[in-house]
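What follows is a short report on a single structure.
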Amino acid sequence: MNLNSKVGSFELANPFIAASGTYGYGTEYGDLSPAKEWGAVILKSVSRNLRPGNVPPRCCEVDSGMINSIGLANVGLEKFMAEKLPAFAAENPDATCIASLAGETLDEFLYLAENLSKAKAIKAFELNISCPNVAKGGMHFGADCNASRQLVSEMKKITSIPVWVKVTPSTTDPVGVATVCAEAGADAVVATNTIPAMKIDINRCRPVLGNITGGLSGPAIFPASLRIAYMIHKALPKLPLVGCGGVDCGEKAVQYILAGCSAVEIGTATFRQPDTLVQVKKFLAEYMDKMGFKSIEDFKGLAARI
Ligand SMILES: Cc1cc2nc3c(=O)[nH]c(=O)nc-3n(C[C@H](O)[C@H](O)[C@H](O)COP(=O)(O)O)c2cc1C
């Protein structure tokens, strides 16, 4: 069974990608979920400087998912390039690695891309545009079509590495954002990131998370994320698309492919079930066999053609 997939010209041995922030710096899972078994792994979002992240508690469980307010805690670009990437590359010579970039300004994004373009291990960039844009009073890049367009077009001028844009569901117009990113030359769009959420501790009479609110992930967001991916594919059928949000079984992964996605990111499910990847691959192969599909292309986007 051929599980190969292509996101634009980017080739993957299988369509499953470890989602940023849920697979650390690519070494933590070890043999529990080896990097080389994934089509690709996206490392934790990196910013120019070290970020300590938000005050704890930073995670809590909710029905069918979790809320996190990690606050993009990361080691910063210098340590990422000097320690984390080499450690990943040494342990995983056969894995495909994508870097996730988190900038608070256009210049920070460009600085990250310029430096990370020198790293041989990185095969694509995923822009985390759910970051506040300091120049626009903290408004998310991803909620601002002009900022998103400028970000992608400037990025494409300075790097030859494929640029994927992870759109945020926290905008009224994710299709509009995907459209301007495509026009600006994005190689792919990823739909989507976490959905803003909160939980309150009724015994302590206060929010559970130190940051009060956070991002909801896991099965709870699957139908909402799937809808956004579907709408983007309907509007932009030629744009390479990656689904992300809520996949914890093969059946949900297949839904993203039927909606028009060439690949599917998986995050929260691997926390709960470290062999999720094994299960989704098995399901996909069996599903394709049962349906008579020889390749991902045979059924990608079929549900969007009605
Ligand atoms: C603990 C945690 C940390 C995350 N950190 C990042 C991050 O650094 N950058 C990013 O783009 N997304 C981050 N995400 C979002 C995931 O990459 C993914 O978009 C989201 O969790 C939805 O997918 P899932 O339902 O399969 O987990 C994080 C999610 C979780 C649960």
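Ser130 versus (1) more than 13 Å from the ligand (Cβ to nearest atom); (2) under 15 Å from the mean Cα position of the chain (by Cα); (3) under 20 Å from Met198 (Cβ atoms); (4) of a type outside the set (D, E, K, R): which is the lone unmet condition?
All conditions are met except number (1).
For Met81, all conditions in the list (1) crowded, with 18+ Cβ neighbours inside 10 Å; (2) under 19 Å from the mean Cα position of the chain (by Cα) hold save one; what is the number of the exception?
(2)
Applying the selection to the range 276-293, what residues are within 15 Å of the ligand (Cβ to nearest atom) and within 19 Å of the chain's Cα centre (by Cα)?
Passing the criteria: Thr276, Leu277, Val280.
Looking at (1) within 16 Å of the ligand (Cβ to nearest atom); (2) in contact with a Phe, Trp or Tyr (Cβ under 9 Å, 6 or more places away or on another chain); (3) not hydrophobic (A, V, I, L, M, F, W, C), find the lone condition where Lys123 falls short.
That leaves (1) as the condition not met.
Please find, among Val177, Val190, the residue that is closer than 30 Å to Pro162 by Cα, away from the ligand (no atom under 12 Å from the Cβ) and not acidic (Asp, Glu).
Val177
Taking the criterion of being within 11 Å of the ligand (Cβ to nearest atom), crowded, with 23+ Cβ neighbours inside 10 Å and among the polar types (S, T, N, Q), would at least one residue in the range 21-44 satisfy it?
Looking through the range 21-44, none of the residues is within 11 Å of the ligand (Cβ to nearest atom), crowded, with 23+ Cβ neighbours inside 10 Å and among the polar types (S, T, N, Q).
For the range 58-71, what are the residues that are exposed (fewer than 15 other Cβ atoms within 10 Å of the Cβ) and in contact with a Leu (Cβ under 6 Å, 6 or more places away or on another chain)?
Across the range 58-71, there are no qualifying residues.
Given the criterion within 24 Å of Ser225 (Cβ to Cβ) and over 19 Å from the mean Cα position of the chain (by Cα), identify the matching residue among Ala147, Ala178, Ala90.
Answer to the check: Ala147.
Could you look through the range 117-139, keep only residues that are under 16 Å from Val46 (Cβ atoms) and of a type in the set (Lys, Arg), and pick out the one that is surrounded by the fewest Cβ atoms within 10 Å (Cβ to Cβ)?
If we take residues in the range 117-139 being under 16 Å from Val46 (Cβ atoms) and of a type in the set (Lys, Arg), then Lys118 is surrounded by the fewest Cβ atoms within 10 Å (Cβ to Cβ).
Of all the residues that make up the range 200-223, how many are buried (at least 18 other Cβ atoms within 10 Å of the Cβ), touching a residue at least 40 places away in the same chain (Cβ under 8 Å) and either part of a helix (DSSP H, G or I) or more than 10 Å from the ligand (Cβ to nearest atom) (or both)?
6
What do you reckon, is Leu226 assigned to a helix (DSSP H, G or I), more than 10 Å from the ligand (Cβ to nearest atom), in contact with a strand residue (DSSP E or B) (Cβ under 8 Å, 6 or more places away or on another chain) and not charged (D, E, K, R)?
Answer is yes for this residue.
Laboratory data are not the source of any read-out in this text; all were calculated from the coordinates shown. Because the structure is predicted, anything quoted here is derived from the model rather than measured. Methodologically, a virtual Cβ is constructed for each residue, glycine included, from the backbone with ideal geometry; neighbour enumeration extends over all protein chains shown.
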